[in-house]
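The values are calculated or read from the model by the stated rules, or taken from the named source; none is laboratory data. Predicted model, so just to flag it, every value in this text is computed and none were measured. Glycine also receives a Cβ, built like all others from the backbone with ideal geometry; neighbour counts cover every protein chain displayed.
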Amino acid sequence: MGGGRQPQARVGARLIGAMLPAPDPPTIPPVQSRSDSALELRKALGQFATGVTVVTTRAADGSPVGLTVNSFTSVSLEPPLMLWCLGRDAASFDAFRLSERHLINVLAAEQLDIAKRFAARGGDKFAGVQWSATDTGLPRLAGCTAWFECAIRSRTRRATT
Ligand SMILES: Cc1cc2nc3c(=O)[nH]c(=O)nc-3n(C[C@H](O)[C@H](O)[C@H](O)COP(=O)(O)O)c2cc1C
């Protein structure tokens with residue numbers, strides 16, 4: 001993926017970003033954990049404070065799609081690269097798999113209701129939410145503190161079991 005396409009900085013907070021490389025990842029040995037409990041692991045990870053984003057795109061039929069994401073991080077400024085992780089079980093998985101672009105909407109502190117709404121599985125999350133389309137058609141949520149418009153540079157798969 002990418003085929004030598006170079007990331008380009010665009011106006012303001014609009015960046016061409018990425019997810020990380022390697023279509024066929026090497027086999028990774030099972031992770032050694034001091035706890036067998038996914039719940040405990042989630043609780044411990046919850047101690048790491050992050051910002052919250054809603055990542056949006058368009059499904060193949062043109063409908064807006066989005067989900068709450070806190071795995072978002074900046075990989076590099078030059079070239080501008082960003083990373084986020086999408087769970088295989090997400091209802092929006094196929095929309096993101098088929099889409100070459102997406103918008104990272106960085107939520108403001110008062111947008112807890114938006115974070116909750118987009119953390120629900122499937123359904124029309126955009127009903128009653130203020131949003132507009134960017135000039136490339138991506139759903140842009142109103143009231144966010146920053147937006148990053150990204151083109152996929154590369155994707156990688158990591159098994160969860
Ligand atoms: C604060 C927060 C952060 C989240 N971060 C992620 C994430 O980084 N990646 C992910 O795939 N799901 C994440 N989720 C879970 C998804 O938002 C949730 O699974 C949602 O149902 C996915 O929407 P979909 O099933 O309609 O695609 C997060 C949820 C919350 C509340």
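Side notes on the structure shown:
- Filter result (near the ligand (Cβ under 9 Å from one of its atoms) and in contact (Cβ under 8 Å) with a residue 40 or more places away in the chain) within segment 40-59: V52, T53, V54, V55
- Across segment 18-34, not a single residue is classified as aliphatic (A, V, I, L, M), modelled with pLDDT under 90, out of contact with any strand residue (DSSP E or B) (no Cβ under 7 Å at 6 or more places or on another chain) and outside any loop (DSSP other than H, G, I, E, B).
- Each residue in segment 66-87 was checked for being within 12 Å of the ligand (Cβ to nearest atom), touching a residue at least 40 places away in the same chain (Cβ under 8 Å) and not in a loop (DSSP other than H, G, I, E, B), and 4 pass.
- Tally of residues being closer than 17 Å to A133 by Cβ and either touching a helix residue (DSSP H, G or I) at 6+ places or on another chain (Cβ under 8 Å) or of a type in the set (K, R) (or both) across segment 56-105: 8
- Failed criterion for E100 (all others in (1) more than 13 Å from T56 (Cα to Cα); (2) free of Cβ contacts under 8 Å to residues at least 60 places away in the same chain hold): (1)
- Residues of segment 148-158 classified as buried (at least 20 other Cβ atoms within 10 Å of the Cβ) and either among the aromatic types (F, W, Y) or not in a strand (DSSP E or B) (or both), total: 2
- Some residue of segment 89-99 being touching a His at 6+ places or on another chain (Cβ under 9 Å) and among the aromatic types (F, W, Y): yes
- Considering segment 88-129, the residues that are of a type in the set (D, E) and assigned to a loop (DSSP other than H, G, I, E, B) include one that is nearest to the ligand (Cβ to nearest atom), namely D89.
- Among residues of segment 111-137, those that are more than 13 Å from the chain's Cα centre (by Cα) and buried (at least 17 other Cβ atoms within 10 Å of the Cβ), counted: 7
- Only a single criterion out of (1) closer than 20 Å to W131 by Cα; (2) modelled with pLDDT of 95 or more is not satisfied by V11, namely (2).
- Hits in segment 35-65 (condition: at pLDDT below 85 and either within 21 Å of L107 (Cα to Cα) or not in a helix (DSSP H, G or I) (or both)): S35, D36, S37
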